[in-house]
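Below you'll find the structure, written out as structure tokens, and then a few comments.
The values are calculated or read from the model by the stated rules, or taken from the named source; none is laboratory data. Because the structure is a prediction, the values reported are computed rather than measured. Neighbour counts run over all protein chains shown; Cβ positions are idealised from the backbone, glycine included.
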Amino acid sequence: MLENSSIGVYAIDRLALGMLGAVIIMVLCNRLAALVYVYAFQSLLLAAIAFFASSGLHAHHLIWMVYLIIIVKVLGIPYMLLRLIDTLTIKREVEPYVKWPISLLAASGLVILAYYIQRDILELHEGVVFNHCLSTSLAVILIGLFLMITRKKAITQMVGLLTMENGVFLGAIVLTSGMPMVIELGMSFDVLVGILIMGVFTFRIKETFASIDTSKLNSLRG
Amino acid sequence: MLKCLLAIPLVTGCLCLFIKKGRVAELLNLLGASLCFTISILVLTDITKGQPRCDFDGLIYVDALGGFFLFLTLLLSLAISIYSIGYMRQSLNKADLDRYLGRYYFYLNLFILTMILAVTTGNLGILWISIEATTLISTCLVGFYNERTSLEAAWKYLIICAVGITFALFGTTLFYYASLNIPFELRNTLNWYEITRFADRLDPGLTKVAFIFILIGYGTKAGFAPMHTWLPDAHSQAPTPVSALLSGVLLKCALYGILRFYIIAGKCLDAAYLNNLLLTFGIASLVIATFFILIQKDLKRLLAYSSLEHMGIIAAGIGFGGLLGVYGALFHVLNHALVKSLMFFVSGNLSIRYHTKNMENIKGAVETMPLTGTALLLGSFALAGVPPFNIFMSEIAILTAGFSSGNILASCIILVSLVIVFAGIVKHSTAMAFNSPPSGVGRGEIDGWTVLACSILLVPIVILGIYIPNFLDNIFNQSVCIITGEETAWMKEGFSSMK
């Protein structure tokens, strides 16, 4: 748990805000590759947060978490996604159902909602300060969900999901100094396998539907 | 023994993948499933003597509640193994039968493995990991036929459940955080029984928010409305034995996840708050399902919406609370799994014989396939809640609990929905069973194995409608104690005595 006096807290707080910034840039991204790069950058910020948390908060097992995040989320998954975009030779880029200005407005609404929820929780925890972290984590999760709902491409949905997961990891690191090691490993494994399977299905969808536009997946109704 | 239970599906699964002979894979899978089922009975008899089994420092932990879900999982997986032999031979291309069968049994075994892990683990983190893993593996099964519709269903299933499960992860994190806030002897391991032991000291505000995240997260997987949209697609597009497994077991495993957190939250929150949440989701699922059952044309989608309806009834039963409500809900879990699997088996037989899942084109089942036709009639009457079948018993228990706990409005809604669903299902099934069959449809059962699987399931469906065997009663009672939070002897004396 964070103590107010720790130096790491300041850095963590600012980095968390950086993650929020990154997710808002994602809302504005109109190129798939750029979206993946921003995701990788956001994961890097997450790794930095885990690093500061491990040194500042006497949670030394978090250092393994840093390696895990860098290998899986900063390098592995973005590499796979870029390969996927490359092989599928996607012509048209991010296609939103919702126009940019409205997306931005919705995203800011979600940030406010996240702060509102956090205030409700915080009221009950005097003495423990995690400034923006919990609300940032919630906001990242909610905006990630928003990205998934409002974008048509299968890959943007994957990035949205990964963003949500980043938000949860942020919450886990800041609130609990990371979950027990076995569980961290299992979670990262699940995330990786999940993305692999989604990648395989994206390929199959491309083969069968000649597109990865998920709005074409609409034959099952009622 | 519990370690064997995890090893057997893994070994059989991998062997099935490498053996290039479909026949061998079928028998191997059947052997593995029957072994697992035997072990689950042994484990269960052992547990009901009083002490839960605990291994690997709480990573494996089976009490009566877990044991019941374990028994359910393995009972159904045995029936499904038998049915798969007959069904998959008929539904796959003869040319590459061997290759596809190997792959199918590989996925099937891994899927069962992840569900076994979900109900035997005592660690809330591992619980999350295994439930996420069930989604990943079963996606491969839903998209198994690789057609347009099955790909669409698989993608929706994967994405919606992955989002849901992310919320559940956040909820788990919040629970963990809440448990860290208690200064006590707890070792911060996310072990369920340790957190439960000190659960009355958790922060109520935090627990409230955390439980909502858990309920939305695992509720997506359990098929609660309005997060249910993946369910009819996945259930209708998966190979039929897998549909039975999804509906009969997977939904229940997710419910098991919710129950574990429900028990923890129940110790520090007002029971009415939790029960109202469950009741709301339950009634919403029920009402939405009722509407779709009436207008449904596709047989498997009809069954999928009926699963939604029954999950709603189970959630409502737990929401009503009390001995009778929870007992009825657990009983309903078993009953629904049995009857729904039977109905999926029947629907598989019909769809192969008639080459369609559209109910308007399926007519005269009793004439073309006497045994399947009879099972269709019996099964749909059981599903609709007609006495003397088992579902009637558990529905009566839940309704009684509802009226006696003072939830008059909710109970009335359930009652009305049940009547409407009864009319809908009986109308559809009698139309399919009688009339004259369309020309060009062959006669006779599709395979002996499928008939065997149906008749095996019919036995407990009829018996449980008349009386509940002692050992089941015992398990239910112990599970009810665990869910309603009555401390049993071993909980009071602490965990030092545990192996």
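For this structure, a couple of remarks:
- Among the residues of this structure, B:A244 does not count as one that is assigned to a helix (DSSP H, G or I), within 14 Å of another protein chain (Cβ to nearest Cβ) and crowded, with 24+ Cβ neighbours inside 10 Å.
- Helices (runs of 4 or more DSSP H) wholly inside region B:395-492 that include at least 3 residues being under 23 Å from B:A315 (Cα atoms): B:408-433, B:448-466, B:470-484
- Flag: A:A139 matches the condition of being of a type in the set (G, A, S), at pLDDT 90 or above and closer than 21 Å to A:G18 by Cβ.
- Residue within region A:48-64 that is more than 12 Å from the chain's Cα centre (by Cα), surrounded by fewer than 22 Cβ atoms within 10 Å (Cβ to Cβ), in a helix (DSSP H, G or I) and at pLDDT 90 or above present: yes
Residues are listed down the side, and each one gets a yes or a no for (1) surrounded by fewer than 24 Cβ atoms within 10 Å (Cβ to Cβ); (2) facing chain A (nearest Cβ under 7 Å); (3) not hydrophobic (A, V, I, L, M, F, W, C):
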site: B:W128; (1), (2), (3): no, no, no
site: B:I131; (1), (2), (3): no, no, no
site: B:T139; (1), (2), (3): no, yes, yes
site: B:G143; (1), (2), (3): no, yes, yes
site: B:W155; (1), (2), (3): no, yes, no
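- Scanning region A:189-213 for residues that are in contact (Cβ under 8 Å) with a residue 40 or more places away in the chain, closer than 25 Å to B:R148 by Cβ and either more than 7 Å from chain B (Cβ to nearest Cβ) or surrounded by fewer than 18 Cβ atoms within 10 Å (Cβ to Cβ) (or both) yields a count of 8.
- Hey, B:T45 in a helix (DSSP H, G or I) and closer than 24 Å to B:T484 by Cα or not: yes
- When residues of region B:157-177 are limited to those that are of a type outside the set (V, I, T) and more than 7 Å from every other protein chain (Cβ to nearest Cβ), the one farthest from B:Y262 (Cα to Cα): B:Y157
- Residue check: B:L180 meets all listed conditions (1) facing another protein chain (nearest Cβ under 7 Å); (2) over 29 Å from the mean Cα position of the chain (by Cα); (3) surrounded by 22 or more Cβ atoms within 10 Å (Cβ to Cβ) but one, namely (3).
- Of all residues in region B:1-42, those being surrounded by 22 or more Cβ atoms within 10 Å (Cβ to Cβ), within 23 Å of the chain's Cα centre (by Cα) and hydrophobic (A, V, I, L, M, F, W, C) number 3.
- A:M158 being at the interface with another protein chain (Cβ under 7 Å from one of its Cβ atoms) and out of contact with any His (no Cβ under 9 Å at 6 or more places or on another chain): no
- Test: B:L286 is more than 14 Å from chain A (Cβ to nearest Cβ), closer than 17 Å to B:N390 by Cα and among the aliphatic types (A, V, I, L, M): no
- Exactly one residue out of B:Y61, B:Y105, B:Y87 is aromatic (F, W, Y), in contact with a strand residue (DSSP E or B) (Cβ under 7 Å, 6 or more places away or on another chain) and touching a residue at least 24 places away in the same chain (Cβ under 8 Å), and it is B:Y61.
- Annotation: of all residues in region B:58-98 being touching a Pro at 6+ places or on another chain (Cβ under 7 Å) and closer than 30 Å to B:T196 by Cα, the one that is surrounded by the most Cβ atoms within 10 Å (Cβ to Cβ) is B:V62.
- Filter result for B:S236 (over 30 Å from B:N93 (Cα atoms), touching an Asp or Glu at 6+ places or on another chain (Cβ under 9 Å) and of a type in the set (S, T, N, Q)): no
- Selection from region A:162-171 of residues that are within 8 Å of chain B (Cβ to nearest Cβ) and hydrophobic (A, V, I, L, M, F, W, C): A:M164, A:V168
- Some residue of region B:291-301 being farther than 16 Å from B:L246 by Cα, within 14 Å of chain A (Cβ to nearest Cβ) and either among the β-branched types (V, I, T) or under 18 Å from the mean Cα position of the chain (by Cα) (or both): yes
- Residue in region A:71-103 that is modelled with the highest pLDDT, counting only those that are closer than 17 Å to A:V27 by Cα and hydrophobic (A, V, I, L, M, F, W, C): A:I102
- Count of region B:314-338 residues, restricted to those that are touching a Leu at 6+ places or on another chain (Cβ under 7 Å) and either polar (S, T, N, Q) or under 30 Å from B:T356 (Cβ atoms) (or both), is 3.
- Selection status of A:T150, in contact (Cβ under 8 Å) with a residue 12 or more places away in the chain, touching a helix residue (DSSP H, G or I) at 6+ places or on another chain (Cβ under 8 Å) and more than 9 Å from every other protein chain (Cβ to nearest Cβ): yes
- Among the residues making up region A:172-188, those that are small (G, A, S) and either more than 7 Å from every other protein chain (Cβ to nearest Cβ) or buried (at least 24 other Cβ atoms within 10 Å of the Cβ) (or both) are A:A172, A:S177, A:G178, A:S188.
- Region B:191-208 residues that are without any contact (Cβ under 8 Å) to a residue 24 or more places away in the chain and within 11 Å of chain A (Cβ to nearest Cβ), paired with ones that are in a loop (DSSP other than H, G, I, E, B) and surrounded by fewer than 22 Cβ atoms within 10 Å (Cβ to Cβ) (beta carbon under 6 Å, 6 or more apart): B:G205/A:L124
- If you go through region B:142-166 and keep only what is in contact with a Leu (Cβ under 7 Å, 6 or more places away or on another chain), among the hydrophobic types (A, V, I, L, M, F, W, C) and more than 17 Å from B:A222 (Cα to Cα), you end up with just B:W155.
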